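Right, one structure below, let's go through it.
The values are calculated or read from the model by the stated rules, or taken from the named source; none is laboratory data. In this text the structure is predicted, and so the values were computed from the model without any measurement. Methodologically, a virtual Cβ is constructed for each residue, glycine included, from the backbone with ideal geometry; neighbour enumeration extends over all protein chains shown. All accessible areas refer to the heavy atoms of the entire protein, side chains included, with ligands and DNA or RNA removed. Shrake-Rupley method; radii C 1.70, N 1.55, O 1.52, S 1.80 Å.
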Amino acid sequence: MNDPARNAPIGMLDVAPDGTVRDLNPAARELLDFGGADPTDEPIDAVFPQSVEARVPRFFETSTDRERSFDAYYPDLDRWLDVSLVPDGNTVYLYLRDRTEERRTERQLADARGDVDRLTVTSELIADVLGELVAASTRAEIAETICAQLGETDLYEFAWVGERAVGSADLVMRAAAGADNRTLDRIADELDGDGRVPERRAIESGEPETVQSLGEADAVPEPIRRAAFADGVQSLLAVPLTDGESVHGVVGVYASDRDAFSERERRNFGIVGEMAGFAVTAARNRSLLSADTVVELTFSLTDADAPLVAAAAETETSLSVTGLVPDGDRLVCYLDAEGDAPGAVERALDGETVLGTRTVADHDDGGSFEVLLDESTPLGQLVGQGATLRSATYDAGEGRIVVELPPEAEVRRIADAFSRAHDATVVAKRERRREATTVGEFRDALGDRLTDRQENALRTAFFADYFESPRGSTAEEVAEALGITGPTLLHHLRAGQRKLLDEFFETTD
Amino acid sequence: MGAGTDEADEDRPRALVVDDEREVADAYALRLRGLCEVETAYGGEDALRAVEDHEFDVVLLDRHMPGLSGDEVLERLDEGDFDGRVIMVTAIDPGFDVLDMPFDDYLCKPVDREDVRAAVTHQCTVLGYEVLGDYFGVESKRRVVEAELSTEERASHEEFGELQATAERLERRARRLLGDAADALDDFDAIGRESE
């Protein structure tokens, strides 16, 4: 081999057509990792490194008269070589160039292109989810929208949405989409059991969390880890559905690729979680607003055993209930009587279910009583079923009782049970909106009732810590502040407090 | 895709190494040289084509490949009539047994020479005994049919022809999978045929 060949920057071997190595330059010696070994006079298939296709030895086994060029990977060298076999008369020149660097760069470029493509696709996907979320109006729709979009793309294996019940840590699977697999089955099992699903951490932290290698994640229950490994589901992105401080639920997105969720994707999905959380809040509020419709039932009660019906009939007096306070297994009931002397009404109120009576006020044409009724009385039974009493009046052997039931109550069952237990029929049923009173409305209404002096007295006494215990100021001190006498202050305070409580308890006079 | 050139590989088990990283696939292929006849496929689609074209005893399947993943290839193999064994090459080793896994074994990357050879040998042995069992079943049936037919009848008898071909195919496969351990075959052959 001449000097230019010996000093060439590429590897060069001089091989006989029968495959015997005659000579090689230092570059070839280095590329082929010969080290101190001397390959000269050895057959090429014994000294040339192995590759899967073994094209160099095959060249010498077959015809050596045509030039050949190829790239090959040599695992033992961990090197890609560009090999050229050039026959020249009684010699075959074998040229070698290291292509490892280029090959690896190409691969990195392809990987990076793949990453960019994936990010583009996920960004579009996220935009789609956000767009659809805007249109979703119920919680079921929100969950299904997210699942359908994330579970059915080729990017991910499956997705599920878990929702938390209000005031509870328990998760309920609201929707799931994607490949049928055992991982999802095991997650469902875990929700029925201890609920230690891999999404827990995201719910606790309120931040999107990733698990890169489910099979090896010790915190994940083994049945789920095994299933994930069997299914080839490797990574998880858990996105909490958040609205401010509250976490309504979580989306679990599962992928086969360990690196499916980059930091950027984690952030982008965080936005999906916030948007969905906001949507869940909105949906909940909508259904709470609709819960403001209540069912109002009016009963006609002609049961002679009912103490109030009986007392009204016996004394030919109109009775009306002005207030009702459930107190354990009895009711404290306040009644106004019109007509006969109150003493007669009080005497007429007897029987096992009347636990006590007391006259509160006594006038010529009537009075007010306090009556303690057993829970087995008609009023007791209705209140026990969750009904709110609107009014109850008793006249000439008949009672009219108007109650409100919340929308989720089983109206028919309650009405039937009441009619069966007592001599009663439903005479009216209607749905109406419950009046929601805002703080502002309450203040306005109260302001209309209080005189300026009453409001001043209350405000001053309040800020003077007169209502604290122990009192911050005495009545005399507050009175002095206002330039009035003590008895006058107490008079204003009592009047103001009564109006305040009237408005609060919605009693009308 | 490269075919092994070693003539002696013809009588050895056939393995297919599937990995989208050519360097990895080629490295495993060389590690299996001398143990089995090895082919390589550099992607899921390539792997399915290779299995359609040739009979393989063991497939070493890289789990995470772009395009068709290892799990998807496995699913397609299960749907088709592939009857070899599958060793999944995974990125992690959770230390699970493979009892209820959809694959027959798994190896965690990077796989060294001794591990991959041991895993392939083990699967070949398991498959070999399975094939041997099938062979005994078919061969017994073939002998029963053979005993009922005259030499002339055998030549034109369809069922006998099929049994004969299946038995030969199974015997060849069991021998290449079990190597020396296929002695049971010689013992079975030594049992005199009922008709003779």
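Points worth noting:
- CD proxy at 222 nm, helix term only [per DSSP H run n ≥ 4: -39500 (n - 2.57); per residue of chain B; nearest 500]: -16500 deg cm²/dmol
- Kirkwood-based Rg to Rh ratio, chain B, C-alpha trace: 1.05
- Treating r as the C-beta distance of A:D111 and A:I10 and R0 as 30 Å, the FRET efficiency rounds to 0.55.
- Average beta-carbon neighbours from other chains, 10 Å sphere, peptide A:256-263: 2
- Over region A:439-505, Cα pairs under 8 Å with separation of 6+ residues give a relative contact order of 37 percent.
- Per residue, the convex hull volume that the Cα atoms of region A:109-288 enclose (Å³): 103
- Taking label positions 7 Å along the Cα-Cβ direction at both A:E30 and B:E55, the computed distance is 5.1 nm, reported to one decimal.
- Among A:P378, B:G44, B:V111 - extreme Cα towards positive end, dipole of the protein assembly as shown, charges at beta-carbon: A:P378
- Packing, taken as the mean count of other beta carbons within 10 Å per residue, orders the peptides A:361-367, A:67-73 from highest to lowest as A:67-73, A:361-367.
- Its convex hull of Cα atoms gives region A:1-146 a direction-averaged projected area, equal to a quarter of the hull surface, of 13.4 nm².
- Rounded to the nearest 20, the size of the Cβ-charge dipole of region A:3-98 about its Cα centre is 200 debye, with Lys and Arg at +1 and Asp and Glu at -1.
- Percent of Cα pairs in the protein assembly as shown per distance bin of 10 Å, from zero to the largest separation: 2, 10, 12, 12, 12, 11, 9, 7, 6, 6, 6, 4, 2, 0, 0.
- Region A:439-505 - charge dipole about Cα centre, Lys and Arg +1 at Cβ, Asp and Glu -1, debye rounded to 20: 160
- 3J(HN,Hα) couplings calculated from phi for region B:129-134 with the Karplus curve 6.51 cos²θ - 1.76 cosθ + 1.60 (θ = phi - 60°) are, in sequence order, 5, 5, 5, 4, x, 4 Hz; Gly and Pro show x.
- Per the accessible-area calculation with a 1.4 Å probe, the total area buried between chain B and chain A rounds to 2400 Å².
- Shielding by partners, peptide A:230-239 (average Cβ within 10 angstrom, other chains): 3
- Rg of the Cα atoms in region B:126-190, relative to 2.2 N^0.38 Å, amounts to 1.17.
- Note on A:L490 and A:L446: the model spin-label points, each 7 Å out from Cα along the C-beta direction, lie 2.4 nm apart.
- Computed label-point distance, nm, for sites A:R264 and A:E245 using a 7 Å Cα→Cβ extension: 3.5
- Dipole magnitude of the protein assembly as shown, debye to nearest 20 (Cβ charges: Lys/Arg +1, Asp/Glu -1, about Cα centre): 2220
- Summing charges over neighbours of A:N90, with a neighbour being any other residue whose Cβ is under 15 Å away from its Cβ, gives -4 when K and R count +1 and D and E count -1.
- Helix-derived mean residue ellipticity, 222 nm - over chain A, DSSP H n ≥ 4, -39500 (n - 2.57), to 500: -12500 deg cm²/dmol
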